[in-house]
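Below is one structure, written out as structure tokens; comments come after it.
The values are calculated or read from the model by the stated rules, or taken from the named source; none is laboratory data. Treat the numbers as computed from the prediction; the structure is a model and nothing was measured. Note that each Cβ is placed from the backbone with ideal geometry, even for glycine, and that neighbours are counted across all protein chains shown.
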Amino acid sequence: MTTVSYEVRDHVAILTLNRPQSLNSLDLEMIEDLRQTTARAAFAPEVRAVLLCAAGSHFMAGGDLRWFREQLALPAADRQKRFERVIADVHSSILTLKSMPKPAIAAVNGAVAGFGMSLMMACDLVVAAEDAYFTLAYSNIALSPDGGATWSLPRQVGLKQAMEIALLGDRFDAERARQLGLLNRVVPASQLPAAALELAQRLASGAAGALARTKALLNQSLETPLPAQLQAEQHAFAACAADPDFGEGLAAFFERRPASYDRG
């Protein structure tokens with residue numbers, strides 16, 4: 001896998017977008033590499049958190065427009081069928097990031113455009129460099145969004161703001177993105193790698209079962225009626241209480257020391 005590198009450090013799987021010469025724009029190879037690396041991280045027993053970052057000065061400038069232009073040579077019906085297949089492959093990594101029982105953190109810098117925004121929003125937490133800038137961009141080239149953007153965006157910023165971001169395609173900076181609720185932290189560009197890795201390692205050192213159940217509960221909450229959500233919380237709480245991590249968490253609290261959860 002050359003367009004997305006994969007390494008594990010202190011139980012954190014670090015996935016690095018690696019097409020810096022093309023602003024990490026998404027091409028067919030990167031689509032497949034993202035699918036493979038996200039699945040690998042999701043199922044690896046030694047991985048307890050996932051950090052998604054990028055080589056170079058930009059997170060992702062969206063889809064590879066040169067490849068898009070090449071597809072114009074196809075008849076419209078054939079072009080539609082090809083994009084149906086490609087977008088289905090694109091969506092595989094989004095579903096994996098959202099459903100994996102591990103926290104996923106995005107570290108973004110420079111351009112975060114098109115599918116770059118979709119990929120960022122699929123992660124559970126986002127740390128951004130001060131130089132990051134954002135645009136959904138699809139409407140600027142007569143496309144509608146993909147990558148779950150129309151699902152994630154209204155949930156994270158509200159429907160009216162989502163409409164403005166998606167329909168106008170305007171560019172906005174990291175401070176505006178933080179105000180909208182798209183980001184958790186904004187740091188100087190030079191501090192981004194260390195700050196994001198520190199957050200990922202903090203999550204990787206936590207109680208894996210409790211974090212997985214919390215992520216699942218939050219992700220289902222906006223579509224779940226309150227009685228069903230209360231029941232889901234009941235079952236999750238009881239399952240956590242039956243986990244050995246619960247005993248360690250309590251012992252650490254009463255002994256006034258950091259908890260040390262079994263990480264295999």
Inspect all residues belonging to region 42-64 and state whether any of them is within 21 Å of Ala194 (Cβ to Cβ), assigned by TED's automatic domain parsing to the domain that holds Ala189 and among the aromatic types (Phe, Trp, Tyr).
yes
Filtering region 48-86 down to residues that are under 19 Å from the mean Cα position of the chain (by Cα) and in a loop (DSSP other than H, G, I, E, B) yields Arg48, Ala55, Gly56, Ser57, His58, Phe59, Ala61, Gly62
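Which one of Val90, Val108 is over 28 Å from Gln191 (Cα atoms), assigned by TED's automatic domain parsing to the domain that holds Ala13 and under 24 Å from the mean Cα position of the chain (by Cα)? Spell out how you get there, then give the answer.
On the way: Val108 fails: over 28 Å from Gln191 (Cα atoms).
On inspection, the qualifying residue turns out to be Val90.
For Ala149, indicate whether it is closer than 26 Å to Ser92 by Cβ, over 16 Å from the mean Cα position of the chain (by Cα), modelled with pLDDT of 95 or more and among the small types (Gly, Ala, Ser).
no
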Checking the structure you have, find out if any residue of region 184-200 is farther than 29 Å from Asp89 by Cβ, among the β-branched types (Val, Ile, Thr) and buried (at least 17 other Cβ atoms within 10 Å of the Cβ).
yes
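Among Gln161, Gln156, which is polar (S, T, N, Q), closer than 17 Å to Lys98 by Cβ, in contact (Cβ under 8 Å) with a residue 12 or more places away in the chain and touching a Leu at 6+ places or on another chain (Cβ under 7 Å)? Show your work before the answer.
Numbers: Gln161 fails: closer than 17 Å to Lys98 by Cβ.
Only one candidate qualifies: Gln156.
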Please go through region 111-135 and pick out each residue that is within 8 Å of the chain's Cα centre (by Cα) and part of a strand (DSSP E or B).
Leu125, Val126
Given the conditions (1) touching a residue at least 24 places away in the same chain (Cβ under 8 Å); (2) assigned by TED's automatic domain parsing to the domain that holds Leu250, and given that Val187 satisfies all but one, which numbered condition is not satisfied?
(2)
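To keep it simple, each residue is scored yes or no on (1) among the aromatic types (Phe, Trp, Tyr); (2) touching a Lys or Arg at 6+ places or on another chain (Cβ under 8 Å); (3) modelled with pLDDT of 95 or more.
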site: Thr3; (1), (2), (3): no, yes, yes
site: Asp10; (1), (2), (3): no, no, no
site: Thr16; (1), (2), (3): no, no, yes
site: Thr37; (1), (2), (3): no, no, yes
site: Ala41; (1), (2), (3): no, yes, yes
site: Leu51; (1), (2), (3): no, no, yes
site: Phe68; (1), (2), (3): yes, no, no
site: Gln71; (1), (2), (3): no, yes, no
site: Ile94; (1), (2), (3): no, no, yes
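I want to confirm something. Restricting to region 174-187 and keeping residues that are under 15 Å from Met120 (Cα atoms) and either outside any helix (DSSP H, G or I) or acidic (Asp, Glu) (or both), which single residue is farthest from the chain's Cα centre (by Cα)? If you could, list the steps in order and put the result at the bottom.
As a first pass, look at region 174-187 and keep what is under 15 Å from Met120 (Cα atoms): 174, 177-178, 180-186.
Now narrow it down to the ones that are either outside any helix (DSSP H, G or I) or acidic (Asp, Glu) (or both): 181-186.
On the way: Gly181: 14, Leu182: 11, Leu183: 11, Asn184: 12, Arg185: 14, Val186: 16 Å.
In this case the residue turns out to be Val186.
So which of Leu34, Leu65, Leu51 is buried (at least 22 other Cβ atoms within 10 Å of the Cβ) and within 15 Å of Arg19 (Cα to Cα)?
Details: Leu65 fails: buried (at least 22 other Cβ atoms within 10 Å of the Cβ); Leu51 fails: within 15 Å of Arg19 (Cα to Cα).
Only one candidate passes the filter, namely Leu34.
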